[in-house]
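First the structure, in the form of structure tokens, and then the observations on it.
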Amino acid sequence: MLRAIIIDTVPPDKTRTQAKLEMEELTRLVETYGGIVILEVLQNRGRPSAKTYLGTGKAKQAAEKAKEMKVDMVIINGFLKPAQMKNLSKMFSHDAEDITGKSDIPVWDRTDIILKIFEKHAKTQEAKLQIKLAKLRHEIPKVYHYQTGLFDKERGGISGTRGAGEKGVEQEKRHIRAQIKDIEKKIEKVKQTQSNQRKHRKRSGLKTVALVGYTNAGKSTLLRALTGKDVYIADELFATLDTRLGSVWIPNAKHPHGGEKIMIADTIGFIQNLPPHLIESFKATLAEVQEADLVLHIIDSSDIQQDLKMQVVDEILIELVGSQVPIIRVFNKNDQQLWCSKQQQKCISVSAHKKQGLDDLKKQISNNN
Ligand SMILES: Nc1nc2c(ncn2[C@@H]2O[C@H](COP(=O)(O)OP(=O)(O)OP(=O)(O)O)[C@@H](O)[C@H]2O)c(=O)[nH]1
Ligand SMILES: [Mg+2]
């Protein structure tokens, strides 16, 4: 099991509690990847150091401790600039003589670890293409005159540029841009096929309800509870990367047939502090949300950070669908702790796990059709 050190800085406008909770989330990401956090470093700082993210003294101290504790990977809960990555790689490297910048210890930022998990969980061609695109977009600003460790050949990525000089760096960037164009074309084809399928569904009068929410809120469990669809459910982050569809009968007395069949779409979960290019890369998958007739925003009501997570999802939803699609908040996991704000209209409380509250939810879906 990979032994990780996780690192962050805490600016004055963030409370220590908030920073701790963010570190807990990063720990879950490391665990989902298959690692274990053995060391945690938080430093109060106005902003990360341009050279070493942590202040130089603190970074040196952390590197010594990490060596002592035989750490295999360094993960920063922010976005790393190439110079920061290079300097940290050198500092944390077990091989003190290596001044090439190539580290025997990978130094990743938050986006890197998320992309690694995506790579591990991706099953379909669509997901794999989107992840490749996100990875390349994330890598472009990092192309530097040394290998990042994340994309070198033995790890199955693009070639490194160590020692290649300015010309080589430009060449590498051009190569990446060409790859991006190629993948974008392939994704466009996938999008077209899916768009045709959606049009076909719409023409035949089938409505679609999209399940959207923070990762691990219980979207897939709800899809299974409502439709019986056998989808992957796990207590891990980003278990679902592709849109999966199931169908459910929604009773409606006003309907000539006493109800109607509706498609339910499970989607990729969201997380805080995502770079916009990552969401942009998943546009093919998220098109299902944009074209849905109704969005159910699934919230884990047993989560102490539900308000913050709700806000993260709200912000992404505004970007994605604006006010075009009606949104209903569904508070899930009510078998653990009932929490449902009285002020919130259209607030529904369910347990996808115990299949409680599903009739109420169906009524709400039917009212919105
Ligand atoms: N107690 C309880 N646990 C639930 C409920 N719904 C889901 N879970 C658990 O929450 C965890 C995450 O469930 P998923 O359905 O995979 O969550 P998700 O939103 O699809 O997660 P991602 O695909 O990773 O974004 C699993 O361990 C589920 O068993 C519920 O109503 N009650
Ligand atoms: Mg899921």
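Within the range 205-261, how many residues are without any contact (Cβ under 8 Å) to a residue 12 or more places away in the chain and within 16 Å of ligand 2 (Cβ to nearest atom)? Of the residues in the range 205-261, 2 are without any contact (Cβ under 8 Å) to a residue 12 or more places away in the chain and within 16 Å of ligand 2 (Cβ to nearest atom). Set side by side, the residues Thr240, Thr227 differ, and just one is closer than 19 Å to Asn368 by Cα and within 14 Å of ligand 1 (Cβ to nearest atom), which is Thr227. Of all residues in the range 262-287, those that are within 14 Å of ligand 1 (Cβ to nearest atom) and polar (S, T, N, Q) total 3. Please list, ordered by first then second residue, the pairs with beta carbon atoms under 9 Å, 6 or more apart or interchain, first in the range 273-293 and touching a residue at least 60 places away in the same chain (Cβ under 8 Å), second among the acidic types (Asp, Glu) and assigned to a loop (DSSP other than H, G, I, E, B). Partner pairs satisfying both residue conditions: Thr285/Asp242. For the range 52-76, a tally of residues being in contact (Cβ under 8 Å) with a residue 12 or more places away in the chain and among the acidic types (Asp, Glu) returns 1.
Applying the set (1) away from ligand 1 (no atom under 16 Å from the Cβ); (2) closer than 19 Å to Asp314 by Cβ to Ala253 leaves exactly one unmet item: (2).
In this structure, Ser281 does not satisfy being of a type in the set (Gly, Ala, Ser), in the same structural domain as Thr240 (by TED's automatic domain parsing) and closer than 22 Å to Glu24 by Cα.
Only residues that are under 24 Å from Thr111 (Cα atoms), assigned to a loop (DSSP other than H, G, I, E, B) and of a type in the set (D, E, K, R): list them for the range 252-305, please. Answer for the range 252-305, where residues must be under 24 Å from Thr111 (Cα atoms), assigned to a loop (DSSP other than H, G, I, E, B) and of a type in the set (D, E, K, R): just Asp303.
The values are calculated or read from the model by the stated rules, or taken from the named source; none is laboratory data. Please read these numbers as outputs of a predicted model, since none were measured by experiment. Cβ atoms come from the backbone with ideal geometry, glycine included; neighbour counts cover every protein chain shown.
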